[in-house]
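The block underneath contains the structure these notes are about, expressed in structure tokens.
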């Protein structure tokens, strides 16, 4: 969600019940009411009681295995519906006790059923290879074949039934470090208020970016100091939480027989370490355009030196333009025209209908996300602001996720419809690139064109360069833990500072507390995730250029990717679309685009 200074003022935010129903999502594609959800939860628990009846039968015949998979599919569809509905209801208003109760009840039920079915994978893995090959040829296995083949890859890493049950029971505690980090940084720490020209405004994790984008350098400096003063005061706790999470990752990898925590994280997507290393090495070889851009920022700001609190400061005036929801949908629809009538008409209908929960209300979760499921509409949560061009880009971004989900669900059976995060970031960034091209080409004045180019430069920087820096940090911290080096607060800060110095270059004057940034990144609690943002934008830039400059075949190739779902591994599905992420060329092309746009920005302003 994009928030500006004026929006930080105390303005009336409506309660959930005060919001126009047409501006909210319609969750009836999942459940028509909370009562229907509660009835389905009872059905879910009744079905769970039948799980044990299948145990010990899966290797008896292809029909017995198919019976279990039919049951697991029906059970899985219901579980997904229950989980999505309760979570989406909670995001409408985080203070809604009834919704939180629903989420809690579902999570407890899901944890119990996960433990009750923990025998499933080991039992399938225990079926002899020759017997399994015979089973896979049975007609009833057609829709499960890909699912089983992917599962069988894990055979060397699946433990005994008893061990798997213990790990499943332990899963509820896996998120403690992440939850404690969130509670500490979002709830317990009081960052105070910062005096600005608009009055005293609250500083928090959510409003941090607002202060860093304030044109007043003194405001940025004071906000930066106040913010990191609190992280400095809690640095040992934060370091212990992150270190604990890294230890968990390493232990899990060793327990399951992976060579490293990184290999364990990459294995489900069948991504080699070479893809990860190609990303890091290629970006490292292209740091000069990044440093040149920072030098240009310093010049534009007229600052004697570039400080860490200067890197998000505006160097182009934000257009004073209001864009209504319907106008934003028109803008996105026009930008996505190269994808054809079905894509545009479907997305447009959903956005003008009730796929999206559009505006802020009290207690509503901040930010934006898309939540696509097999049976429900591909819902979008957004906190749209009419005076924010950024929110139009957010709408295009989340629309990309939703249409990816729509095509995946329409084109695949349940057990193989879900695409990976690796692929998800491609579809969303692809849409953003088409919107950028459209706005740049239709800009009526130089100022607007400069703004959209500047935004695109900053977005690529944040997604390609910054996420790769994060990926380097994760690789280093896990390697240190795996080699027996404790991740103390001093070690973590030293590693992160060295990366800041490398990426920002000599034009940056770092603060003493700048390296504490490494202790405040929530994504680090989901290990080896951030690199997917960088590979995603690299793939999307290449595919957008291919579709826009190509013809029918290039567009059909892209739709083959959108429809692939989970039927292929991500590197394979992207190759079908026309980009080979196993090679460094797409990343190099993305770096070249950044360099070209940064130079164009210099010329424009």
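Every read-out reported here was derived from the displayed coordinates using simple, explicitly stated rules and does not represent laboratory data. This one's a predicted model, so the numbers in the text were calculated from it and none came from an experiment. Methodologically, a virtual Cβ is constructed for each residue, glycine included, from the backbone with ideal geometry; neighbour enumeration extends over all protein chains shown.
Observations, loosely collected:
- Sequence-distant contacts, meaning Cα pairs under 8 Å at least 6 residues apart, place the relative contact order of segment 190-233 at 37 percent.
- The simple spin-label model puts a point 7 Å past each Cα toward its Cβ; for residue 77 and residue 232 those points are separated by 5.8 nm.
- Here r is the Cβ-Cβ distance between residue 213 and residue 288 and R0 is 25 Å; the resulting FRET efficiency, rounded to 0.05, is 0.45.
- Rounded to whole Å, sorted largest first: equivalent-ellipsoid semi-axes of segment 190-233, Cα gyration tensor: 16, 11, 9
- Whole-angstrom gap from segment 429-494 to segment 507-562, using each part's C-alpha centre: 7 Å
- Taking all Cα pairs closer than 8 Å and separated by 6 or more residues, the relative contact order of segment 367-449 comes to 27 percent.
- Placing a label point 7 Å from the Cα of residue 270 along the Cα-to-Cβ direction, the residues of segment 539-562 whose backbone N falls under 16 Å from that point are 561.
- Segment 31-172: C-alpha pair distances exceeding 21 Å, %: 50 percent
- Modelled FRET efficiency - R0 60 Å, residue 130 with residue 592, Cβ distances, 0.05 increments: 0.75
- Segment 411-547 shape via C-alpha gyration tensor axes, a/c threshold 1.5: oblate
- The distance linking segment 126-177 with segment 67-116 is 22 Å (Cα centroid to Cα centroid, whole angstrom).
- Taking label points 7 Å from Cα along the Cα-to-Cβ direction, residue 337 and residue 521 give a separation of 4.0 nm.
- Segment 205-340: C-alpha gyration tensor shape, a/c 1.5 cut-off, then a/b vs b/c: oblate
- Extension gain for the segment residue 256 to residue 556, taken as residue separation times 0.36 nm less the Cα-Cα distance, is 104.0 nm to one decimal.
- Footprinting exposure proxy for 325, 355 (fewest neighbouring C-beta atoms within 10 Å first): 325, 355
- Compared with the dominant principal axis of the Cα atoms in the chain, helix 489-504 is inclined by about 60°.
- Cα-based shape type of segment 491-605, given that a ≥ b ≥ c are square roots of the gyration tensor eigenvalues and the cut on a/c is 1.5: oblate
- Dividing the summed -39500 (n - 2.57) terms of all DSSP H runs of n ≥ 4 by the residue count of the chain sets its mean residue ellipticity at 222 nm at -19500 deg cm²/dmol.
- Helix 34-48 axis, angle to the chain major axis (alpha carbon atoms, nearest 10°): 50 degrees
- Taking other Cβ atoms within 10 Å as a rough exposure proxy, 193, 246, 283, 187 sort from fewest to most as 187, 193, 246, 283.
- The value of relative contact order for segment 31-172, using C-alpha pairs under 8 Å at least six residues apart, is 29 percent.
- R0 of 22 Å, Cβ-Cβ distance residue 575-residue 411: FRET efficiency to nearest 0.05: 0.80
- Two-site label geometry, residue 197 and residue 421: point separation in nm, points 7 Å out along Cα→Cβ: 4.0 nm
- Multiplying the residue separation of residue 444 and residue 24 by 0.36 nm and removing their Cα-Cα distance gives an extension gain of 147.9 nm.
- Exposure proxy shown here: for 571, 421, 521, the number of other Cβ atoms within 10 Å sets the order, fewest to most, as 421, 521, 571.
- Put the Cα centre of segment 254-326 next to the Cα centre of segment 365-423 and the gap is 23 Å.
- Fully extending the segment from residue 603 to residue 55 would add 190.5 nm, taking 0.36 nm per residue of separation and subtracting the current Cα-Cα distance.
- Angle in degrees between helix 161-170 and the longest Cα principal axis of the chain, rounded to the nearest 10: 40 degrees
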